[in-house]
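Everything below concerns the one structure shown next.
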Amino acid sequence: MNTWRNASLAATAAAVLALTTACGQEQGTNTNGQSVGAANPAGAAGSGSGYEAAPGAGAPGAAGAGAGTAAAAKPAGQLAVWDSKKLGKVLTDSEGFTLYRFDKDTPEPPKSNCEGDCAKTWPVVAAGDAKAAAGTDASLLGEITRTDGTKQLTVDGWPMYRYVKDTSPGDANGQNVGGTWFASAPDGKKASPAAAEGGSGSAEEPSGDLAGLSVRKDPKLGDIVVDKNGMTVYRFTKDTAWPMKTACTDACLDKWPVVAPVAKNDVDGVTTKGFVTFDRPDGIKQQTLNCSPIYTFAGDKKPGDTNGQGVGGTWFAVSPDNELVGASE
């Protein structure tokens with residue numbers, strides 16, 4: 001018993017040491033900033049085996065799935081939009097994982113035809129605390145009750161799923177699997193570059209080749225960090241980096257959506273010091289810079305907007321080295 005206890009304490013100490021090293025040191029990697037019991041991404045476990053599943057095939061090792069049991073539905077949280085060169089605008093969950101729709105489902109009336117083994121390969125997205133991505137139509141979000149009683153998220157009537165072979169934010173390995181599975185656009189349609197080009201057509205919209213985090217030179221603020229959509233990134237002075245805590249919760253997140261986790265190799269010109277993922281108490285996963293949580297602003301309607309700058313004297317754009325731009329010392 002003592003041997004087990006000592007080993008457990010040693011493991012805990014090692015985890016704390018690793019996080020302490022990451023927060024404030026150059027060797028920071030994507031680790032959890034604060035453990036709040038968040039589960040692994042649905043379908044991530046075991047998918048590294050190279051298992052290529054078609055609809056209806058059981059996926060060995062699917063997260064939360066025992067023998068003959070579908071993975072537990074995991075909430076989507078704060079939805080986001082990923083600009084893909086190949087697919088156009090793609091809807092993702094709060095962790096940056098691609099959401100899919102199934103051609104054999106129906107939107108009117110909304111109904112899922114993915115049950116049993118199919119749901120092991122394509123874990124359903126629970127409706128739960130799903131919030132519309134900034135700039136999208138929240139009225140399109142809905143839910144259906146599945147045969148097992150689970151509430152599944154729908155977008156314009158189409159049930160939403162993840163794919164077990166997507167193991168990192170930005171993966172879209174489920175695209176066109178079986179000719180029936182497709183990444184979902186923000187409006188529930190199939191994601192496609194043509195659909196994206198048929199949007200607002202603003203000349204100020206990003207070309208789609210931006211990194212997850214990159215730098216834009218603003219005429220008033222200088223070099224500031226922007227997300228994959230070219231939207232300005234902000235920090236909240238009431239948050240703390242160590243211990244990692246957030247003061248923006250509930251209604252605050254409607255105005256200040258979190259920046260979803262970004263792969264470290266998807267960063268251009270921005271510090272990766274303390275580049276860790278924050279497991280927020282509300283279950284949302286949030287990217288940090290030097291362990292400081294980062295956000296976008298719902299009041300910014302297009303790339304280049306900086307309407308969140310100085311709001312309340314507590315919100316400020318972020319420089320490439322994670323300094324608050326324009327904040328008084």
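The values are calculated or read from the model by the stated rules, or taken from the named source; none is laboratory data. A quick note: this is a predicted structure, and the numbers were derived from the prediction, not measured. Here Cβ is always computed from backbone atoms with ideal geometry, including for glycine, and neighbour counts include all displayed protein chains. We work out accessible area using only protein heavy atoms, side chains counted, and drop any ligands, DNA or RNA first. Shrake-Rupley method; radii C 1.70, N 1.55, O 1.52, S 1.80 Å.
Compactness of segment 216-268, taken as the C-alpha radius of gyration over 2.2 N^0.38 Å, stands at 1.30. Bridging of residue 85 to lysines at a Cα separation below 16 Å is possible for 190, 228, once same-chain residues fewer than 8 apart are set aside. Listed by chain and number, the lysines whose C-alpha is less than 16 Å from the C-alpha of residue 151, apart from same-chain residues fewer than 8 away, are 74, 111, 131.
A simple rule links phi to the HN-Hα coupling: the Karplus curve 6.51 cos²θ - 1.76 cosθ + 1.60 with θ = phi - 60°, which for segment 314-320 gives 10, 10, 9, 4, 10, 7, x Hz, with x for Gly and Pro. If Lys and Arg each add +1 and Asp and Glu each add -1, what is the summed charge of the other residues whose beta carbon sits under 12 Å from the beta carbon of residue 145? Net charge around residue 145: +1. Please go through the residue pairs 238/302; 217/245; 165/217 and name each one whose alpha carbons sit more than 32 Å apart in this structure. Listed pairs above 32 Å: 165/217. Peptide packing for 217-223, 302-308 was compared via the average number of neighbouring C-beta atoms within 10 Å per residue; ordered from the highest value, the list is 302-308, 217-223.
Accessible surface area normalised per residue over segment 221-329 is 39 Å², counting heavy atoms of protein chains with a 1.4 Å rolling probe. For residue 189, the aspartates and glutamates whose Cα comes closer than 18 Å to its Cα, not counting residues fewer than 8 places off in the same chain, are 83, 93, 103, 105, 108, 137, 143, 156, 197. Pairwise Cα separations in segment 237-329 fall into 5 Å bins from 0 onward with the following percentages, short to long: 3, 12, 24, 27, 22, 11, 1.
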